[in-house]
Amino acid sequence: MQEKRKAVRIAKSLMVKYSPDGGASGWDVSFIKNISEDGVLFDTGREFPAGSQVSLMFKVPSDLQNWIEAKAEVVACEPFIGKIFLTRFKFIEIGETQKKSVKRYIERIVDPSGARNGDTPENDRRKAARVNKKLMICYGRLDSRGEVEKWDMTSTQNFSKTGMIFTSAYPCQGTVEFMVKIPSRPFESLRIRGKVIESKELKIADSRAAAGTFLTRVEFIELKEEYDKLLGDYVEWLARNETGNSKKEGA
């Protein structure tokens, strides 16, 4: 037990599916709050007794093609907000390859030398260059199964490689999926998911403008390494070539 407590745990938002019966009655969806190679912590919509077992399915950004499937045991389940519980799980059955995927992902995120100086990966994210650039995108809310309910089209107000602000036809919450095209990949739509940080109604002065428009800020989650580099290179190019059109800001 002492060794388990020493496992590196990182705060990261990753979508997770969970079921007490292996999916026989369906899967509930939540978001991991933190993760280590030994277990995870996330909100559940029901109370689980300590010692009970649950099947989990989640993906890490370094391997979005494959689900990590694990059986986990409830360590603790505490009331959080309303009928939501904060539940901690420890993995009791997980494939060796999948466990290595989780470990590699955590190791890529953690920077021990930076953390000692108070410069954590999350702090680095807040320093990402943001460019004021309009890109046409498609967006859609996810349902309880983690699938897009309906696609709508809009444009970005600004974006960085860690997130963006866009106008939406409705107040967004939870997770939104996007299809984004950038000039370096004109014939391919990048499928990206984002966690909504804020969604507020615009104060429109022009009466001719469409009403009911919301300004929504998201932070990217489950971002493929390839897309992370593509977005980073595109943002850096814009920042260099469009003077005054970029700023340092968080997602």
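Within the range 144-174, count every residue that is touching a helix residue (DSSP H, G or I) at 6+ places or on another chain (Cβ under 8 Å) and either part of a loop (DSSP other than H, G, I, E, B) or surrounded by fewer than 15 Cβ atoms within 10 Å (Cβ to Cβ) (or both). Break it down into steps so the answer makes sense when it comes.
Initially, the range 144-174 is screened for residues touching a helix residue (DSSP H, G or I) at 6+ places or on another chain (Cβ under 8 Å), giving 159-162.
With either part of a loop (DSSP other than H, G, I, E, B) or surrounded by fewer than 15 Cβ atoms within 10 Å (Cβ to Cβ) (or both) added as a condition, the list becomes 160-162.
So the answer is 3.
Working only within the range 84-106, note down all residues that are of a type in the set (D, E, K, R), part of a helix (DSSP H, G or I) and without any contact (Cβ under 8 Å) to a residue 24 or more places away in the chain. Let's see the steps before the verdict.
From the range 84-106, those of a type in the set (D, E, K, R) are 88, 90, 93, 96, 99-100, 103-104; that's our starting set.
With the extra rule that they be part of a helix (DSSP H, G or I), the set shrinks to 96, 99-100, 103-104.
Glu96, Lys100 - these are the residues of the range 84-106 that are of a type in the set (D, E, K, R), part of a helix (DSSP H, G or I) and without any contact (Cβ under 8 Å) to a residue 24 or more places away in the chain.
Please verify whether the range 126-140 includes one or more residues that are part of a helix (DSSP H, G or I), exposed (fewer than 15 other Cβ atoms within 10 Å of the Cβ) and at pLDDT 85 or above. Can you show your working first?
Here is the first cut: in the range 126-140, the ones part of a helix (DSSP H, G or I) are 126.
Those left that are additionally exposed (fewer than 15 other Cβ atoms within 10 Å of the Cβ): 126.
So of that shortlist, the ones also at pLDDT 85 or above come out as none.
The answer is no, given that none of the residues of the range 126-140 is part of a helix (DSSP H, G or I), exposed (fewer than 15 other Cβ atoms within 10 Å of the Cβ) and at pLDDT 85 or above.
Checking Leu64 against (1) more than 28 Å from Ile109 (Cα to Cα); (2) at pLDDT below 90, which test does it fail?
(1)
Conditions tested, residue by residue: (1) more than 22 Å from Ile221 (Cα to Cα); (2) surrounded by 15 or more Cβ atoms within 10 Å (Cβ to Cβ); (3) assigned by TED's automatic domain parsing to the domain that holds Ser30; (4) among the acidic types (Asp, Glu).
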position	(1), (2), (3), (4)
Phe58	no, yes, yes, no
Asp63	no, yes, yes, yes
Ala72	yes, yes, yes, no
Gly82	yes, no, yes, no
Glu96	yes, no, yes, yes
Lys100	no, no, yes, no
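Within the range 162-188, can you find the residues that are within 19 Å of Arg240 (Cα to Cα) and out of contact with any strand residue (DSSP E or B) (no Cβ under 8 Å at 6 or more places or on another chain)?
Pro183, Ser184
I need every pair where a residue in the range 220-234 that is not assigned by TED's automatic domain parsing to the domain that holds Asp63 has its Cβ under 8 Å from the Cβ of a residue that is in a helix (DSSP H, G or I) and of a type in the set (S, T, N, Q), sequence separation at least 6 or different chains.
Between residues of the range 220-234 that are not assigned by TED's automatic domain parsing to the domain that holds Asp63 and residues that are in a helix (DSSP H, G or I) and of a type in the set (S, T, N, Q), the close pairs are Glu225/Ser62.
Being on the phi > 0 side of the Ramachandran plot and modelled with pLDDT under 80 narrows it down to one residue among Gly82, Gly118; which is it?
Working: Gly82 fails: modelled with pLDDT under 80.
Residue meeting the stated conditions: Gly118.
Could you go through the range 44-52 and let me know if any residue there is within 22 Å of the chain's Cα centre (by Cα), more than 19 Å from Lys224 (Cβ to Cβ), at pLDDT below 95 and part of a strand (DSSP E or B). First the steps, then the outcome.
Applying the first criterion (within 22 Å of the chain's Cα centre (by Cα)) to the range 44-52 yields 44-45.
So of that shortlist, the ones also more than 19 Å from Lys224 (Cβ to Cβ) come out as 44-45.
Now narrow it down to the ones that are at pLDDT below 95: 44-45.
Filter again for part of a strand (DSSP E or B), leaving 44.
Checked the range 44-52: at least one residue is within 22 Å of the chain's Cα centre (by Cα), more than 19 Å from Lys224 (Cβ to Cβ), at pLDDT below 95 and part of a strand (DSSP E or B).
To keep it simple, each residue is scored yes or no on (1) outside any strand (DSSP E or B); (2) outside the structural domain of Tyr227 (by TED's automatic domain parsing); (3) in contact with a helix residue (DSSP H, G or I) (Cβ under 6 Å, 6 or more places away or on another chain); (4) closer than 25 Å to Lys17 by Cβ.
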| site | (1), (2), (3), (4) |
| --- | --- |
| Val176 | no, no, no, yes |
| Met179 | no, no, no, yes |
| Pro183 | yes, no, no, no |
| Arg193 | no, no, no, yes |
| Lys200 | no, no, no, no |
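The values are calculated or read from the model by the stated rules, or taken from the named source; none is laboratory data. The shown structure was predicted, so the numbers you read here are calculated from the model rather than taken from an experiment. Ideal geometry is used to build each Cβ from the backbone, glycine not excepted, and the neighbour counts take in all protein chains shown.
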